[in-house]
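Q: Can you read through this structure? Questions will come right after.
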Amino acid sequence: MPMAPGDGDGDGDGEGREDRGGLRAALAGLTTRGRSFLAAGVAAAVCSYVLGQADLLRVGLLLAVLPLVCVAVVYRTRYRVAGSRRLSPARVPAGSEARVHLRIDNVSRLPTGLLMLQDRVPYVLGPRPRFVLDRVEPGGRREVSYRVRSDLRGRYPLGPLQLRLNDPFGMCELTRSFSAYDTLTVVPRVEPLPLVRFAGEAMGYGDGRHRSLALAGEDDVIPRGYRHGDDLRRVHWRSTARYGELMVRREEQPQRASCTVLLDTRRVAHQGSGPDSAFEWAVSGAASAAVHLLERGYGVRLLTDTGSSVPGPDSGGGFTGSGHDSADTAGLMLDTLAVVDHSEEAGLARAYEALRGGNEGLLVAFLGDLDEEQATMVGRMRHRTGTAVAFVLDGGAWSRGAWAPDPQGLEERLRMLRESGWTALPVTPGTTLVQLWQQADAQGGIQADAGRPLAGGGMTGGWA
């Protein structure tokens, strides 16, 4: 990010216009001290003329010329500096700190004077950092750092960096800005969850591992056309002779256990706002469940009530594998949850449509307030999955701050979900996801379908 404070190089008329504009900016940069000296000098000169005092005129000229000389010195300062910013890390959980490193390089042949740095940061990240740098030698550099912290998730721009130039007497001050900025992503808090047994896991792992292709004999091979880079040892000569082109055996592909994490973001379903609200608990819970299941080797999709999913349909139907893909998907989901906001949807119809054609091995839902119609629709989602666990937030309890008699029939909604095959648990203030996760396991919800074939053909079993 190179910058040349006070630099007005150019050609012809363009140089004259730029110099005049830069001079006006320098005059506008007079500080209160500089303006006071200039005003005092002009007043002394006028008084000397009225009173006929020549000595007073000399004093007035000295007072008026000094700030103008300082303006000229700052304006004619021709050195170039380059600045850079580095975030460590660039993605942090809510409530955690990140450190911002700033580096200033003097790329000119002249030493700089006193430099004052100021970085622009949103107010939710803390006060605006300011630094004073002493003389920087030609080719030298200075490094400073500051910390930022936010309890609110989101994406926050940092920058641009501002450089402020002062003369030694403090008469004139010029501010120049770099053009580049960086973005700090504050993601929801991720709570470590205990290991429990999940239904549907054996679709790709454990003792019940199944292959997508049966390789009992040559007649069971499903070939495909040869692609550049394929191993010639996989050429299937019988199919090559039959189709008249080079065919190779397909690689064995394990069917991975799949899971959908459903997040209800409807504005009508959540009461209150802020880091301690029910909606933020749901977002944090969805992030914790998604990351936990990805670490256990699941293919995870994040789905909201609007019907949008992460990863999208172009990523293998919204599911992902393990290893590096799992880490990338976890980052993508956390980035999405960092900026997720309330939706204006009235119901969960779009989420239901997104699940209708799917073959979900496990469904984990974080739901807000449900009326009878939406509870019925959520109950029908159960028929599209192997196992379904719902964490239903009691909006009334969150708004009152403590458990109280439920005026909206939460127990009735929970009963409807349980009759549909869900393991439904109420969420009240002060309850942690770890407690609810263990409670769902104790109630047999997470392993409720152990031993029953899933829609994908796998028998449940294995440890998450």
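The values are calculated or read from the model by the stated rules, or taken from the named source; none is laboratory data. The structure presented is a predicted model; accordingly, all values stated were derived computationally and were not measured. Please note: Cβ atoms are built from the backbone with ideal geometry, for glycine as well, and neighbour counts cover all protein chains shown. Heads up: the accessible areas ignore ligands, DNA and RNA and are worked out on the full protein's heavy atoms, side chains in. Shrake-Rupley method; radii C 1.70, N 1.55, O 1.52, S 1.80 Å.
Q: Kindly indicate the residue of the range 171-193 that is open to solvent by 20 Å² or more (accessible area, probe 1.4 Å) and over 24 Å from the mean Cα position of the chain (by Cα) and also nearest to residue 339 (Cα to Cα) among those meeting that condition.
A: In this case the residue turns out to be 177.
Q: Looking only at the range 381-417, filter to residues that are within 20 Å of residue 259 (Cβ to Cβ) and open to solvent by 20 Å² or more (accessible area, probe 1.4 Å); which one of those is modelled with the lowest pLDDT?
A: We begin by selecting, within the range 381-417, every residue within 20 Å of residue 259 (Cβ to Cβ); these are 381-392, 417.
The next check asks that each one be open to solvent by 20 Å² or more (accessible area, probe 1.4 Å); those that pass are 382-384.
Details: 382: 84, 383: 76, 384: 64.
If we take residues in the range 381-417 being within 20 Å of residue 259 (Cβ to Cβ) and open to solvent by 20 Å² or more (accessible area, probe 1.4 Å), then 384 is modelled with the lowest pLDDT.
Q: So for the range 13-25 (the condition being at pLDDT 85 or above, surrounded by 15 or more Cβ atoms within 10 Å (Cβ to Cβ) and either part of a loop (DSSP other than H, G, I, E, B) or not hydrophobic (A, V, I, L, M, F, W, C) (or both)), does at least one residue qualify?
A: Filtering the range 13-25 for residues at pLDDT 85 or above gives none.
No; the residues of the range 13-25 include none that is at pLDDT 85 or above, surrounded by 15 or more Cβ atoms within 10 Å (Cβ to Cβ) and either part of a loop (DSSP other than H, G, I, E, B) or not hydrophobic (A, V, I, L, M, F, W, C) (or both).
Q: Check the range 103-115 and report whether any residue there is among the acidic types (Asp, Glu) and either open to solvent by 50 Å² or more (accessible area, probe 1.4 Å) or not in a strand (DSSP E or B) (or both).
A: Let us first name the residues in the range 103-115 that are among the acidic types (Asp, Glu), namely 105.
Subsequent filtering for residues that are either open to solvent by 50 Å² or more (accessible area, probe 1.4 Å) or not in a strand (DSSP E or B) (or both) retains none.
No - not one qualifying residue is present in the range 103-115.
Q: Another question, if that's okay. Residues 136, 132: which one is over 25 Å from the mean Cα position of the chain (by Cα), among the β-branched types (Val, Ile, Thr), open to solvent by less than 50 Å² (accessible area, probe 1.4 Å) and over 18 Å from residue 95 (Cβ atoms)?
A: Testing whether each residue is over 25 Å from the mean Cα position of the chain (by Cα), among the β-branched types (Val, Ile, Thr), open to solvent by less than 50 Å² (accessible area, probe 1.4 Å) and over 18 Å from residue 95 (Cβ atoms) leaves just 136.
Q: Among the listed residues 355, 337, identify the single one that is modelled with pLDDT under 90 and not in a loop (DSSP other than H, G, I, E, B).
A: Values: 337 fails: modelled with pLDDT under 90.
From the options 355, 337, the qualifying one is 355.
Q: Kindly indicate the residue of the range 65-102 that is part of a helix (DSSP H, G or I) and open to solvent by 20 Å² or more (accessible area, probe 1.4 Å) and also farthest from residue 184 (Cα to Cα) among those meeting that condition. Walk me through it before giving the result.
A: Start the filter on the range 65-102 by keeping residues that are part of a helix (DSSP H, G or I), which leaves 65-75.
Next, from what is left, pick out any that are open to solvent by 20 Å² or more (accessible area, probe 1.4 Å): 65-66, 68-69, 72-73, 75.
On the way: 65: 47, 66: 44, 68: 42, 69: 42, 72: 39, 73: 38, 75: 35 Å.
So, considering only residues that are part of a helix (DSSP H, G or I) and open to solvent by 20 Å² or more (accessible area, probe 1.4 Å), the one farthest from residue 184 (Cα to Cα) is 65.
Q: Quick check on my filter: what residues within the range 27-64 are over 25 Å from residue 173 (Cα atoms), part of a helix (DSSP H, G or I) and open to solvent by less than 80 Å² (accessible area, probe 1.4 Å)?
A: First, pick out the residues of the range 27-64 that are over 25 Å from residue 173 (Cα atoms): 45-58.
Of the ones still in play, those that are also part of a helix (DSSP H, G or I) are 45-51, 54-58.
Scanning the range 27-64 gives 45, 47, 48, 54, 56, 57.
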